[in-house]
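Shown next, in structure tokens, is the structure this report addresses.
The values are calculated or read from the model by the stated rules, or taken from the named source; none is laboratory data. Predicted model only: the values in this text are computed from it and were never measured. Positions of Cβ are generated from backbone atoms using ideal geometry, with glycine treated the same way; all protein chains shown enter the neighbour counts.
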Amino acid sequence: MNAIEVHNLYHQYNGRILYADLNFSIPEGTICGLLGKNGQGKTTLVNILMGFLKPTSGQCLVLGEDSHDLSPVVRSRIGLLHEGHLAYEFMTISQTEKFYRGCYVNWDPEIFFHLIGKMGLPHDQKVATLSCGQRSQVVLGVIMAQNPDLLILDDYSMGLDVGYRRLFLDVLHDFAALGGKTILVTSHILQDLEQLVETMIFLDSGGIMQIGLDDFMSSFHKYVFHNAKELKLLKDDVVSGFEQRGGQSTLYSFCDLGQVQRHLISLGVHAEKLSKVEMTLEDGFIGLMGKY
């Protein structure tokens with residue numbers, strides 16, 4: 001079973017095509033990262049999946065139902081954190097729990113107060129007096145206490161320091177370990193996703209590439225070499241990305257070292273000390289998608 005299916009999705013905004021014939025699926029029980037540069041339509045896609053925005057054409061299925069005709073039962077199985085950590089600031093922590101408790105049939109107050117307890121805050125403290133990280137923990141408690149089958153997190157890391165980001169990751173790992181839970185997450189902190197996701201969807205100029213994290217990290221490579229001349233290598237069948245700082249050049253490719261070496265020779269490029277080096281997911285993202 002797939003938790004999410006997207007079929008022939010086409011959408012444009014202000015005359016600009018965001019997606020053209022977009023197709024992908026996310027199996028139940030998997031953790032998927034949705035990656036793309038700013039303006040590539042990650043949040044728009046989340047809005048379409050939740051039924052908040054109608055696409056130009058195509059169909060999205062969420063937990064087996066059309067995203068624009070989700071039943072209350074299916075909606076109750078979806079936990080959504082949408083662009084930040086918004087909470088009713090005039091409420092106290094306990095009032096927040098009481099308010100949301102009546103909205104979800106599977107609500108578990110123990111989960112909520114367990115996460116709140118990690119901060120050591122009194123339950124009568126108003127949300128308005130909390131820091132950004134503390135508010136994020138209240139919101140995370142609200143989401144997790146729903147016990148959703150599908151969790152969609154749109155840029156959960158916004159405004160969080162490294163401690164609260166790590167806490168978010170710990171909670172998400174525990175949630176995924178329950179089994180049968182599906183997580184779709186976007187974030188600009190790629191080192192976080194490298195510790196969490198199993199598969200990734202890259203959005204770029206209306207196109208898509210879906211690949212497993214391990215497959216990507218083992219098949220996509222980062223090479224460095226020295227060249228005194230200023231170079232500008234364009235994308236082709238071998239070069240997926242290229243950047244140069246001073247005399248050191250960095251090339252990204254799905255090809256092996258020998259193929260890259262022969263290709264550079266064919267282009268008349270003298271690649272001194274060409275070698276493959278360790279690559280992070282952030283490196284890979286830049287190499288595949290570019291900086292801008």
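In segment 123-134, of all residues being touching a residue at least 12 places away in the same chain (Cβ under 8 Å) and under 16 Å from residue 167 (Cβ atoms), the one that is surrounded by the fewest Cβ atoms within 10 Å (Cβ to Cβ) corresponds to 132. Filtered by the rule that a residue be assigned to a helix (DSSP H, G or I), charged (D, E, K, R) and within 15 Å of residue 224 (Cβ to Cβ), segment 252-285 gives a lone residue, 283.
Selection of segment 248-283 for residues being of a type in the set (Gly, Ala, Ser) and surrounded by 13 or more Cβ atoms within 10 Å (Cβ to Cβ) yields 249, 253, 271.
Take the conditions (1) touching a strand residue (DSSP E or B) at 6+ places or on another chain (Cβ under 6 Å); (2) at pLDDT 85 or above; (3) within 26 Å of residue 63 (Cα to Cα); residue 155 misses just one of them, which is (2). Residue pairs whose Cβ atoms lie under 9 Å apart, sitting 6 or more positions apart in sequence or on different chains, and linking a residue in segment 257-275 that is in the same structural domain as residue 244 (by TED's automatic domain parsing) to a partner that is β-branched (Val, Ile, Thr) and part of a helix (DSSP H, G or I), are 271/260; 271/265; 274/260.
Table: residues versus (1) at pLDDT 90 or above; (2) within 27 Å of the chain's Cα centre (by Cα); (3) not hydrophobic (A, V, I, L, M, F, W, C).
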position	(1), (2), (3)
87	no, yes, no
94	yes, no, yes
97	yes, no, yes
108	yes, yes, yes
115	no, yes, no
118	no, yes, yes
136	no, yes, yes
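Let's see how each residue does on (1) more than 21 Å from residue 151 (Cα to Cα); (2) free of Cβ contacts under 8 Å to residues at least 60 places away in the same chain:
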{"residue": "7", "(1), (2)": "no, yes"}
{"residue": "11", "(1), (2)": "yes, yes"}
{"residue": "21", "(1), (2)": "yes, yes"}
{"residue": "28", "(1), (2)": "no, no"}
{"residue": "35", "(1), (2)": "no, no"}
{"residue": "45", "(1), (2)": "no, no"}
